[in-house]
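Undergrad: Got a structure for you, written out below as C-alpha coordinates; questions coming shortly.
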Amino acid sequence: MKTMGIGELYLVEPKRFPDPEADVRATGAVDVLQRASVVGSLDEALNGCVFAVAMSARQRDLGPAVGQPRETVARLLVEAGEGQVALVFGNETVGLSNEDVLRCQAAVSIPTDPAFSSLNLGSAVQLLCYECRMTAFAGRPPVAGQGVTPFASPAATADETEGFFRHLETVMTATGFFNPEQPGRLLPKLRRLFGRARLERDEINILRGILSATQSQTGHGRKG
Ligand code: SAH
(Lines give C-alpha, C1' and ligand atoms only; values in the text may rest on other atoms or scores of the structure.)
Protein backbone atom coordinates (compact mmCIF):
# COMPACT_ATOMS: atom_id res chain seq x y z
CA MET A 1 0.00 0.00 0.00
CA LYS A 2 2.62 2.47 1.08
CA THR A 3 4.79 1.98 -2.00
CA MET A 4 1.78 2.98 -4.11
CA GLY A 5 0.98 6.03 -2.01
CA ILE A 6 -2.04 4.56 -0.25
CA GLY A 7 -2.13 4.77 3.53
CA GLU A 8 -5.61 4.25 4.93
CA LEU A 9 -5.99 0.72 6.26
CA TYR A 10 -8.96 -0.75 8.10
CA LEU A 11 -8.57 -4.13 9.76
CA VAL A 12 -11.77 -6.02 10.50
CA GLU A 13 -11.52 -8.26 13.55
CA PRO A 14 -7.83 -9.10 13.22
CA LYS A 15 -6.79 -12.24 15.11
CA ARG A 16 -3.84 -10.47 16.71
CA PHE A 17 -3.15 -6.77 16.49
CA PRO A 18 -0.81 -5.09 17.00
CA ASP A 19 1.52 -7.97 16.40
CA PRO A 20 5.35 -8.01 16.41
CA GLU A 21 5.42 -10.27 13.34
CA ALA A 22 3.29 -7.79 11.39
CA ASP A 23 5.65 -4.97 12.40
CA VAL A 24 8.69 -6.94 11.26
CA ARG A 25 7.10 -7.80 7.93
CA ALA A 26 6.02 -4.20 7.35
CA THR A 27 9.66 -3.03 7.68
CA GLY A 28 9.56 0.65 6.60
CA ALA A 29 5.76 0.77 6.51
CA VAL A 30 5.05 0.30 10.23
CA ASP A 31 3.46 3.75 10.22
CA VAL A 32 0.62 2.36 8.06
CA LEU A 33 -0.01 -0.31 10.69
CA GLN A 34 0.22 2.19 13.53
CA ARG A 35 -2.37 4.38 11.86
CA ALA A 36 -4.62 1.43 10.90
CA SER A 37 -8.16 1.51 12.25
CA VAL A 38 -9.23 -1.70 13.96
CA VAL A 39 -12.97 -2.31 13.66
CA GLY A 40 -15.38 -5.06 14.67
CA SER A 41 -17.25 -5.48 11.39
CA LEU A 42 -17.10 -4.69 7.69
CA ASP A 43 -20.12 -2.38 8.17
CA GLU A 44 -18.08 -0.36 10.58
CA ALA A 45 -15.13 -0.21 8.18
CA LEU A 46 -17.38 0.95 5.33
CA ASN A 47 -19.10 3.58 7.44
CA GLY A 48 -19.16 6.78 5.35
CA CYS A 49 -17.94 5.01 2.20
CA VAL A 50 -19.74 5.79 -1.09
CA PHE A 51 -18.30 2.96 -3.18
CA ALA A 52 -16.71 -0.34 -2.17
CA VAL A 53 -15.15 -3.00 -4.38
CA ALA A 54 -15.05 -6.62 -3.24
CA MET A 55 -11.89 -8.45 -4.23
CA SER A 56 -12.57 -12.09 -4.86
CA ALA A 57 -11.22 -14.82 -7.09
CA ARG A 58 -14.67 -16.36 -7.19
CA GLN A 59 -17.92 -15.15 -8.81
CA ARG A 60 -20.70 -15.21 -6.20
CA ASP A 61 -24.27 -16.21 -6.99
CA LEU A 62 -25.84 -12.93 -5.94
CA GLY A 63 -22.92 -10.54 -5.73
CA PRO A 64 -22.27 -7.55 -7.97
CA ALA A 65 -21.04 -8.24 -11.50
CA VAL A 66 -17.36 -9.12 -11.54
CA GLY A 67 -15.15 -6.69 -13.47
CA GLN A 68 -11.49 -6.44 -14.47
CA PRO A 69 -9.10 -4.59 -12.13
CA ARG A 70 -8.27 -1.74 -14.53
CA GLU A 71 -11.81 -0.79 -15.53
CA THR A 72 -13.10 -1.07 -11.98
CA VAL A 73 -10.26 1.03 -10.59
CA ALA A 74 -11.09 3.71 -13.18
CA ARG A 75 -14.63 3.75 -11.82
CA LEU A 76 -13.35 3.71 -8.23
CA LEU A 77 -11.36 6.89 -8.86
CA VAL A 78 -14.37 8.60 -10.44
CA GLU A 79 -16.46 7.62 -7.40
CA ALA A 80 -13.70 8.96 -5.15
CA GLY A 81 -14.82 12.39 -6.35
CA GLU A 82 -18.08 11.79 -4.47
CA GLY A 83 -16.62 10.58 -1.18
CA GLN A 84 -14.59 7.81 0.41
CA VAL A 85 -14.08 4.60 -1.55
CA ALA A 86 -12.71 1.22 -0.51
CA LEU A 87 -11.08 -1.93 -1.80
CA VAL A 88 -12.26 -4.85 0.35
CA PHE A 89 -10.02 -7.90 0.69
CA GLY A 90 -10.64 -11.19 2.47
CA ASN A 91 -8.22 -12.98 4.76
CA GLU A 92 -5.91 -15.76 3.62
CA THR A 93 -7.93 -18.63 5.03
CA VAL A 94 -11.56 -18.01 4.12
CA GLY A 95 -11.53 -14.92 1.88
CA LEU A 96 -14.67 -12.77 1.78
CA SER A 97 -18.04 -14.17 2.79
CA ASN A 98 -21.09 -13.75 0.52
CA GLU A 99 -22.42 -11.22 3.03
CA ASP A 100 -19.21 -9.21 2.75
CA VAL A 101 -19.40 -9.19 -1.06
CA LEU A 102 -23.05 -8.09 -0.95
CA ARG A 103 -22.03 -4.98 0.97
CA CYS A 104 -19.98 -3.84 -2.01
CA GLN A 105 -21.19 -2.07 -5.17
CA ALA A 106 -18.69 -3.75 -7.48
CA ALA A 107 -16.48 -6.82 -7.51
CA VAL A 108 -13.11 -7.51 -9.09
CA SER A 109 -11.48 -10.77 -9.93
CA ILE A 110 -7.81 -10.55 -10.90
CA PRO A 111 -7.58 -12.46 -14.18
CA THR A 112 -5.41 -15.47 -13.43
CA ASP A 113 -4.96 -18.90 -14.88
CA PRO A 114 -8.46 -20.31 -14.22
CA ALA A 115 -6.88 -23.47 -12.86
CA PHE A 116 -5.05 -21.53 -10.13
CA SER A 117 -6.86 -18.33 -9.29
CA SER A 118 -6.10 -17.45 -5.69
CA LEU A 119 -3.26 -14.98 -5.10
CA ASN A 120 -1.98 -14.46 -1.63
CA LEU A 121 -3.44 -11.41 0.04
CA GLY A 122 -0.31 -9.26 -0.16
CA SER A 123 0.01 -9.86 -3.90
CA ALA A 124 -3.64 -9.05 -4.55
CA VAL A 125 -3.36 -5.82 -2.54
CA GLN A 126 -0.15 -4.82 -4.34
CA LEU A 127 -1.67 -5.39 -7.73
CA LEU A 128 -4.77 -3.31 -7.07
CA CYS A 129 -2.82 -0.51 -5.39
CA TYR A 130 -0.55 -0.44 -8.46
CA GLU A 131 -3.56 -0.15 -10.75
CA CYS A 132 -4.86 2.71 -8.59
CA ARG A 133 -1.55 4.54 -8.91
CA MET A 134 -1.33 3.95 -12.66
CA THR A 135 -4.86 5.25 -13.19
CA ALA A 136 -4.46 8.18 -10.80
CA PHE A 137 -1.40 9.33 -12.80
CA ALA A 138 -2.97 8.59 -16.21
CA GLY A 139 -0.61 5.66 -16.82
CA ARG A 140 2.61 7.58 -16.13
CA PRO A 141 3.33 7.86 -12.41
CA PRO A 142 6.51 9.77 -11.57
CA VAL A 143 9.50 7.46 -11.10
CA ALA A 144 11.97 8.11 -8.28
CA GLY A 145 15.03 9.88 -9.68
CA GLN A 146 13.48 10.27 -13.12
CA GLY A 147 14.51 13.37 -15.01
CA VAL A 148 17.67 13.71 -12.95
CA THR A 149 20.58 12.80 -15.24
CA PRO A 150 23.90 12.65 -13.38
CA PHE A 151 26.42 15.25 -14.61
CA ALA A 152 23.80 16.94 -16.80
CA SER A 153 24.22 20.61 -17.62
CA PRO A 154 21.65 22.88 -19.33
CA ALA A 155 20.82 22.12 -22.94
CA ALA A 156 22.90 24.10 -25.42
CA THR A 157 21.10 27.04 -27.02
CA ALA A 158 20.88 27.58 -30.76
CA ASP A 159 23.58 30.29 -30.71
CA GLU A 160 25.95 28.09 -28.67
CA THR A 161 25.39 25.24 -31.10
CA GLU A 162 25.95 27.51 -34.12
CA GLY A 163 29.16 28.83 -32.53
CA PHE A 164 30.35 25.23 -32.20
CA PHE A 165 29.51 24.41 -35.83
CA ARG A 166 31.39 27.51 -37.07
CA HIS A 167 34.37 26.54 -34.92
CA LEU A 168 34.26 22.94 -36.18
CA GLU A 169 34.05 24.09 -39.80
CA THR A 170 37.01 26.43 -39.29
CA VAL A 171 39.20 23.67 -37.85
CA MET A 172 38.09 21.09 -40.40
CA THR A 173 38.92 23.55 -43.18
CA ALA A 174 42.25 24.60 -41.67
CA THR A 175 43.35 20.99 -41.20
CA GLY A 176 42.32 20.14 -44.75
CA PHE A 177 39.65 17.66 -43.68
CA PHE A 178 36.91 19.80 -45.21
CA ASN A 179 37.10 21.54 -48.56
CA PRO A 180 34.56 24.42 -48.78
CA GLU A 181 34.87 24.26 -52.57
CA GLN A 182 33.53 20.71 -52.53
CA PRO A 183 31.40 20.53 -49.39
CA GLY A 184 29.41 17.40 -50.28
CA ARG A 185 27.11 16.36 -47.46
CA LEU A 186 29.61 16.58 -44.64
CA LEU A 187 28.13 19.60 -42.85
CA PRO A 188 24.48 18.44 -42.86
CA LYS A 189 25.60 14.97 -41.77
CA LEU A 190 27.52 16.43 -38.84
CA ARG A 191 24.51 18.58 -37.95
CA ARG A 192 22.34 15.47 -37.94
CA LEU A 193 24.85 13.62 -35.75
CA PHE A 194 25.08 16.38 -33.15
CA GLY A 195 21.34 17.04 -33.37
CA ARG A 196 20.73 13.43 -32.34
CA ALA A 197 23.05 13.86 -29.38
CA ARG A 198 21.03 16.80 -27.97
CA LEU A 199 24.20 18.62 -26.90
CA GLU A 200 24.45 20.19 -23.47
CA ARG A 201 26.34 23.42 -22.73
CA ASP A 202 29.18 21.57 -20.97
CA GLU A 203 29.53 19.24 -23.91
CA ILE A 204 29.74 22.16 -26.37
CA ASN A 205 32.48 23.61 -24.16
CA ILE A 206 34.37 20.30 -24.17
CA LEU A 207 34.13 19.97 -27.95
CA ARG A 208 35.22 23.57 -28.49
CA GLY A 209 38.08 22.99 -26.05
CA ILE A 210 39.25 20.07 -28.22
CA LEU A 211 38.96 22.24 -31.33
CA SER A 212 40.94 25.05 -29.70
CA ALA A 213 43.64 22.61 -28.59
CA THR A 214 43.83 21.30 -32.15
CA GLN A 215 44.18 24.86 -33.43
CA SER A 216 47.03 25.74 -31.07
CA GLN A 217 48.75 22.41 -31.74
CA THR A 218 48.59 22.82 -35.50
CA GLY A 219 49.31 26.53 -35.42
CA HIS A 220 46.03 27.37 -37.14
CA GLY A 221 44.65 30.59 -35.74
CA ARG A 222 41.46 30.39 -33.74
CA LYS A 223 38.40 31.69 -35.55
CA GLY A 224 34.66 31.30 -35.10
N1 SAH B 1 -8.91 -19.13 0.54
C2 SAH B 1 -9.44 -17.87 0.16
C3 SAH B 1 -8.38 -17.12 -0.60
C4 SAH B 1 -8.03 -15.90 0.06
S5 SAH B 1 -6.76 -15.03 -0.76
C6 SAH B 1 -10.64 -18.03 -0.75
O7 SAH B 1 -10.83 -19.10 -1.26
O8 SAH B 1 -11.38 -17.08 -0.95
C9 SAH B 1 -6.89 -13.53 0.14
C10 SAH B 1 -7.66 -12.43 -0.55
O11 SAH B 1 -6.90 -11.95 -1.67
C12 SAH B 1 -9.01 -12.81 -1.12
O13 SAH B 1 -10.03 -12.80 -0.16
C14 SAH B 1 -9.21 -11.68 -2.15
O15 SAH B 1 -9.67 -10.51 -1.49
C16 SAH B 1 -7.80 -11.48 -2.66
N17 SAH B 1 -7.58 -12.27 -3.89
C18 SAH B 1 -6.80 -13.35 -4.04
N19 SAH B 1 -6.83 -13.80 -5.32
C20 SAH B 1 -7.64 -12.97 -6.00
C21 SAH B 1 -8.06 -12.87 -7.36
N22 SAH B 1 -7.68 -13.73 -8.29
N23 SAH B 1 -8.92 -11.87 -7.68
C24 SAH B 1 -9.32 -10.97 -6.76
N25 SAH B 1 -8.95 -11.01 -5.47
C26 SAH B 1 -8.11 -11.97 -5.09
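Undergrad: Return yes when P114 is within 21 Å of M4 (Cα to Cα) and not hydroxyl-bearing (S, T, Y) and no when it is not.
TA: Considered against the rule, which asks whether it is within 21 Å of M4 (Cα to Cα) and not hydroxyl-bearing (S, T, Y), P114 comes out as no.
Residues checked against (1) crowded, with 18+ Cβ neighbours inside 10 Å; (2) closer than 20 Å to M134 by Cβ:
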{"residue": "Y10", "(1), (2)": "no, no"}
{"residue": "P20", "(1), (2)": "no, no"}
{"residue": "A52", "(1), (2)": "yes, no"}
{"residue": "E71", "(1), (2)": "no, yes"}
{"residue": "L87", "(1), (2)": "yes, yes"}
{"residue": "P111", "(1), (2)": "no, yes"}
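Undergrad: Considering every residue within region 17-40, establish whether at least one is over 16 Å from A124 (Cα atoms), of a type in the set (S, T, N, Q) and either at pLDDT 95 or above or more than 27 Å from the chain's Cα centre (by Cα) (or both).
TA: yes
Undergrad: V39 versus (1) in contact with a Pro (Cβ under 9 Å, 6 or more places away or on another chain); (2) over 25 Å from G139 (Cα atoms); (3) not charged (D, E, K, R): which is the lone unmet condition?
TA: Here V39 clears every test but (1).
The values are calculated or read from the model by the stated rules, or taken from the named source; none is laboratory data. Predicted model only: the values in this text are computed from it and were never measured. Don't worry about glycine lacking a Cβ; one is built from the backbone with ideal geometry, like all the others, and counts go over all protein chains shown.
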